[in-house]
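The values are calculated or read from the model by the stated rules, or taken from the named source; none is laboratory data. As the structure is a computational prediction, the values presented were derived from the model and not from experiment. With ideal geometry, Cβ positions are generated from the backbone for all residues, glycine too; neighbour counts draw on all protein chains shown. Side chains are part of the model used for accessible areas, which takes the heavy atoms of the whole protein and leaves out ligands, DNA and RNA. Shrake-Rupley method; radii C 1.70, N 1.55, O 1.52, S 1.80 Å.
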Amino acid sequence: MKLVFIYGPPASGKLTTAKELVKITGFRLFHNHLCVDLATSIFDFGTEDFSNFCYKLYIDTIEAAIKAHIKGMTFTFCYGNPYDNPFVERVIEIVEKHNREIYFVQLHCNKAELEKRVLSSDREAFGKVKNVEALREIMNKWDLLSAIPHKSSLSIDNSYLSAEEVAKIIKEHYKL
């Protein structure tokens, strides 16, 4: 299995890009809000119990996809440095243990574009950040702009690119 791990701050276009990448690769889509929404029905967002529950769901799902010989999967994640490093290291360990490939893609855009995108109505389908104040608070609290350490990431500023264009860049760069 090839795992495309797309990360970036809220409203950076992770899910929109992932959907387009799935269209042109035939990969499966596993976006983080599937687990986040389930976890918040049980635990308070941001608590240790919440994070541990999400991490377990992510890991178990990725490992199940590998064992099921899924051709490829696109995973979205809001990575916070250094808090999420143990989780990312665990994902890498599992993928490499099974001799599979992992491709990191960091999406980012300028502040004005993030603040415009966070107000988009398509964010309402999931429990996503939906206002500028909450976005600013999260961005001030967490380091969501750092690249994942110790692994190369394709970094894309998609401030002025469509999701289709970004998906094509990812597909071509990683020869998916």
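In straight-distance terms, cross-link reach from Lys171 covers every one of the aspartates and glutamates whose alpha-carbon lies under 15 Å from its own, apart from those fewer than eight places away in the same chain; here that gives Glu20, Glu101. Each other residue within a Cβ distance under 15 Å of Arg90 adds +1 if Lys or Arg and -1 if Asp or Glu, for a net charge of -2. With N as its number of residues, the chain has a Cα radius of gyration that, divided by 2.2 N^0.38 Å, comes to 0.97. Compared with the direct C-alpha span, the chain from Ala64 to Glu101 gains 11.8 nm at full extension, assuming 0.36 nm per residue.
Between Asn131 and Lys151, the contour length at 0.36 nm per residue exceeds the Cα-Cα span by 4.0 nm. For Ile42, put the label point 7 Å out on the Cα→Cβ axis and report which residues of segment 77-100 keep their amide N under 18 Å from it. Under cut-off, by backbone N: nothing.
Taking all protein chains as present, what is the carbon and sulfur share of the accessible area of segment 31-176, in % to the nearest whole number, probe 1.4 Å?
Working: 4350 of 8200 Å².
Heavy-atom surface of segment 31-176 belonging to carbon and sulfur, 1.4 Å probe: 53 percent.
If you take the Cα centroid of segment 14-40 and the Cα centroid of segment 47-124, the two points sit 9 Å apart.
Using Cα-Cα distances under 8 Å and only pairs 6 or more residues apart, what relative contact order does segment 26-89 have, in percent? Don't skip to the end; give the middle numbers.
Values: 39 pairs, mean separation 33.3, N = 64.
Rounded, it is 52 percent for segment 26-89.
Placing R0 at 22 angstrom, the Cβ-Cβ distance between Lys168 and Ser121 gives a FRET efficiency of 0.30 after rounding to 0.05. In this structure the amide hydrogen of Tyr103, modeled in the peptide plane, comes within under 5 Å of the amide hydrogens of Leu3, Val4, Phe5, none closer than 5 places in sequence on its chain.
When peptides 41-50, 101-110, 83-92 are sorted by average Cβ neighbour count within 10 Å, with the highest value leading, the order is 101-110, 83-92, 41-50.
If you look at the Cα atoms of segment 83-176, you get an Rg and a Dmax of 15.4, 43 Å.
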